[in-house]
């Protein structure tokens, strides 16, 4: 039986938070492509580009388009990298402002076990701002020393290919070891096989509202 063809829960609106440009592609690109392909509206909110905007913004736009995110649904801010703890209140206010105009079915954030200081802030403040919303934590394995991933989104070959293409759109980051098409596919195979499918992405359940 192909589980991808079963009747499964499909969110109508997803809000994806990224501390840095490329986080959400690496952690949730496959699920985002699957959802947008079936009509889900995905809003991407990025807090830092880490490098000059003129370098990263074209990459962000290309990657978002590959995943099916409308350009008008992508917001990019310019907080300085690696010092998010100094801007907790401002970041929380950004999220509260979003909450006044959005009612997403799902909020995507880095996991609670992600030890990057910027990722920790995004996780904590999003949980405060959207505590009455389903929140799923996407994995960024090189920042995690433990995992607690209870939910898997099964993916198709097309979803995995789109994720790889979106990640590789961040050409300024190509020297980083995790910008690797084989790594991306291999992790998708592991997550899929352990959940009875061919490919997948796994998530931490931080909050689930039925």
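Rule-based calculations on the coordinates, nothing more; no lab input. Just so it is clear, the structure is predicted and the values come from calculations on it, not from any experiment. FYI the Cβ positions are ideal-geometry reconstructions off the backbone, even for glycines, and counts take in every protein chain you see.
Taking springs between alpha-carbon atoms closer than 10 angstrom, which of 102, 15, 26 fluctuates most in the Gaussian network model of the chain?
Comparing 102, 15, 26 in the GNM, the peak value goes to 102.
Need the full-extension length gain, residue 61 to residue 131, defined as separation in residues times 0.36 nm minus the C-alpha distance. One decimal, nm.
22.3 nm
Give me 208, 35 ranked fewest to most by other Cβ atoms within 10 Å of their Cβ, as a rough exposure proxy. Write down the numbers at each step before the final one.
Numbers: 208 12, 35 24.
The most exposed by this proxy come first: 208, 35.
Please arrange 125, 90, 120, 25 by how many other C-beta atoms lie within 10 Å of their C-beta, fewest to most.
90, 120, 125, 25
Sort 171, 61 so the one with the fewest other Cβ atoms within 10 Å of its own Cβ comes first.
Least crowded to most crowded, the residues run 171, 61.
Normalised radius of gyration for region 12-207, please: alpha carbon Rg relative to 2.2 N^0.38 Å, two decimal places.
Normalised Cα radius of gyration, region 12-207: 0.93.
Expressed in nm to one decimal, what extension gain is obtained for the pair residue 53 and residue 178 from 0.36 nm per residue of sequence separation less their Cα-Cα distance? Walk me through the intermediate numbers first.
Working: separation 125, 0.36 × 125 = 45.00 nm, distance 2.17 nm.
Stretched out fully, the residue 53 to residue 178 stretch lengthens by 42.8 nm.
Compute the projected area of the convex hull of the Cα atoms of region 95-180, averaged over all viewing directions, and report it in nm² to one decimal place.
Taking a quarter of the hull surface, the average projection is 7.1 nm².
Tell me, in nm to one decimal, what length is gained between residue 186 and residue 115 on full extension, where the rule is 0.36 nm per residue of separation less the Cα-Cα distance?
23.3 nm
Work out the FRET efficiency for residue 75 and residue 209 from their Cβ-Cβ distance, taking R0 = 35 Å, and round it to the nearest 0.05.
Working: r = 24 Å, r/R0 = 0.68.
Efficiency, rounded to the nearest 0.05: 0.90.
Tell me the mean residue ellipticity at 222 nm calculated for the chain from its helices only (DSSP H runs of n ≥ 4, each -39500 (n - 2.57), averaged over every residue, nearest 500).
The per-residue figure over the chain is -12000 deg cm²/dmol.
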